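Structure record follows, encoded as structure tokens.
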Ligand code: UDP
Ligand code: MN
């Protein structure tokens, strides 16, 4: 998890508290929590974790990584990515939103898998179900992500879609269509949401292809190909483009592993088709209260 820029009474603090309590309560497997923090958030995080372990009578191991230390390690990646996928803003917040792309450098070599999750998620079911998804990865997959459940990429890809009438990129997922094995995402590709991210760290470390894709020239080619100029969602913009262009690198998790609750796009121009994007018929494992949406606990 990433837990930075937290202050007393900040919303993130309550989200983090709920998630720690939730994880201790719902998990059948040993938990090894790694939290990326800044100097002032570390104490807050540790206090919450200790307190939740005490009151739950369950245990987890935990360690902290300093964001400035991480920033140095992933500096080159952030520089490239923020150039293409950020609105002009502070470097510090950029680091936060691109750290997943360099997590394989930050995690110890002995660590082969990681699940990176937002603080605004809630597990309805055992986290082991999510970990089990690694077993289902195709051989070539480096990352696992669930679909974005809003029309944001339909919006961002408007120009590209107007020039490519037959593209499935940005379409909602047609649940009743038959899929064509020769066309990736043939039933519609909504893009990915990075609130839950599975990383096959050892495969990422040894992938020459991924190394190449992180280069400025590669990202430039990719963003130009899709007229992708209005990206603003950080790493998930990159995973979304990769998902369309290099689908072998990403394992699509089903929507039940990241059921987003934000309805912003429904109220902002897409009321007619929003529900097609938000539809999720899979068993729900993780709820994601993105854009500060309230998470129903029952
Ligand atoms: N985050 C953080 N400090 C911040 C903002 C975000 O540590 O000031 C981390 C936190 O883990 C959060 C994640 O970045 O869950 C993504 O932000 P958020 O969940 O608010 O974005 P959304 O899912 O609403 O797009
Ligand atoms: Mn979130």
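Values in this text are rule-based calculations from the coordinates and carry no lab data. Keep in mind the model is a prediction, meaning the values are calculated, not measured. With ideal geometry, Cβ positions are generated from the backbone for all residues, glycine too; neighbour counts draw on all protein chains shown.
What the table below lists for this structure:
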| item | result |
| --- | --- |
| Antiparallel %, DSSP beta bridges [both residues in the chain], to 5 | 50 |
| Acute angle (nearest 10 degrees) that the helix 39-56 long axis makes with the longest principal axis of the chain, alpha-carbon atoms | 70 |
| Between region 185-209 and region 43-116, the Cα center-to-center distance that results, in Å | 18 |
| Taking 97, 64 and counting other C-beta atoms within 10 Å, the order from fewest to most | 64, 97 |
| Most mobile of 279, 54, 187 in a GNM of the chain (Cα contacts under 10 Å) | 54 |
| Prolate/oblate/rounded call for region 116-292, Cα gyration tensor, a/c under 1.5 rounded | rounded |
| Share of Cα-Cα pairs in the chain lying beyond 31 Å, as whole percent | 26 |
| With Cα atoms, 0 to 90° folded angle of helix 235-245 axis to the chain main axis | 40 |
| Separation between Cα centres of region 1-23 and region 215-255, rounded to whole Å | 29 |
| Fewest-first sequence of 84, 16 by Cβ atoms within 10 Å of each Cβ | 84, 16 |
| Fewest-first sequence of 186, 128, 150 by Cβ atoms within 10 Å of each Cβ | 128, 186, 150 |
| Crossing angle, helix 67-85 versus the chain [Cα axis fit, 0-90 degrees, rounded to tens] | 20 |
| Mean Cβ count within 10 Å, highest first, over the residues of peptides 176-184, 18-26 | 18-26, 176-184 |
